[in-house]
Amino acid sequence: MALQVSFSFTSHNPCQRNLTPKLFSPKIFSSTSLPIASFSNQKQNPESSNDPQKETLILSLGSSNRRKLNLSVIALLVNGSLPNLFNNSILAQELELERYTDSKEDFTLLTPSSYVKVDKAGATVLFEEVGKGSNNIGVVVTPVRLASLGEFGNPQFVADKLIQAEKKKESTKDAEVIAVAERSGHGGLQVYEFEYKLDSTRGGMKRIFSAAFVSSKKLYLLNIAHSDKPESPLDSDTRTILEEVLHSFDAATMT
C-alpha cells in the first residue's frame, strides 16, 4: 500500500539547488506522457485548445449519461475555458465529493461519497472504495524537524526520494514519476503534488496521486491509490474526481 512509503525529512540537503520558482496553484515542474486532463488547474493555450474543448462538449451533450456531461463541463470550467459560474461547494457536489476535516491533526480534504472510512494501522485516516479496497485514499501525519518542505528540497528532489522509497519495497516491480507540481495552500502553505505509476506484486498496476506539506513541525502525506491495469485503465471521469481530492488536501487552520 502506498501509505507505507516513508523517507526522512529531518535534514536539509546541502547539495540541493534551489530550482523552485514562485508559487502557483498548482504549477507543473516536470511531466512525461501526461494526459490532457492531468492536474486540471494548469494553464492552456486558448488558441490551441478551443476546437478540442468544443468537440468534447458537443460529444458530452449528445450523451445520455448526465454524470459524464457534468464532468466534461466542470473540466472545462477548471481549465478556465468557461466563465466561473460555480463555486467550490457546487463543484464538489457535481463530482459527488464530501468534505472531511480532522480537527485533531488539523487537516482537511474532499473524499468521494462512495468511499467509506476504515481503520488501518499506520494510517491517520483511510478511505476505501466499497468492494475495492485497493482503491483508497489515506493520510499519514508524522512529526518532523522542518518548518516547511522547502527546507528539505524542491518538488523534484522530494519526488525522487519518494520513488526511491517505493523501489526499496520487496513488493515493488517498477515505479515511475509522471508529474511533479507545487501549489499554495491555506495561508500560503507550501504544498507539493506528485503523480506516479506503480507496479507491484500487491495489486498490480496502480496510479498514485500524492500530496505533502509541513505544518506545525508535522509532515502531512496524502496518498491516493487507484487501479490502472492495461485491461481496465483509469478512466477520465474517475481521474477528474481523484485530482480534485488531491488539490483539496490542505491544513485546516494555520497556527
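Relative to the present Cα-Cα distance, how much length would full extension add between S184 and A252 at 0.36 nm per residue of separation? Could the numbers behind the result be given before it?
On the way: separation 68, 0.36 × 68 = 24.48 nm, distance 1.37 nm.
That works out to 23.1 nm of additional length.
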Dipole in debye (nearest 20) - the stretch 137-255, about Cα centre, beta carbon charges: Lys, Arg +1; Asp, Glu -1: 540 debye
Point-to-point label distance, S236-K104, nm (Cα→Cβ direction, 7 Å offset): 4.2 nm
Selection from A147, T101, A165, by position along the positive dipole direction of the stretch 95-185 (Cβ): A165
Sequence-distant aspartates and glutamates (8 or more away, or on other chains) whose Cα lies within less than 12 Å of K197: E166, D174, E176, D228
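Every read-out reported here was derived from the displayed coordinates using simple, explicitly stated rules and does not represent laboratory data. All of these numbers come straight from a predicted model, not from anything done at the bench. In this analysis, Cβ positions are derived from the backbone assuming ideal geometry, glycine residues included, and neighbour counts consider all displayed protein chains.
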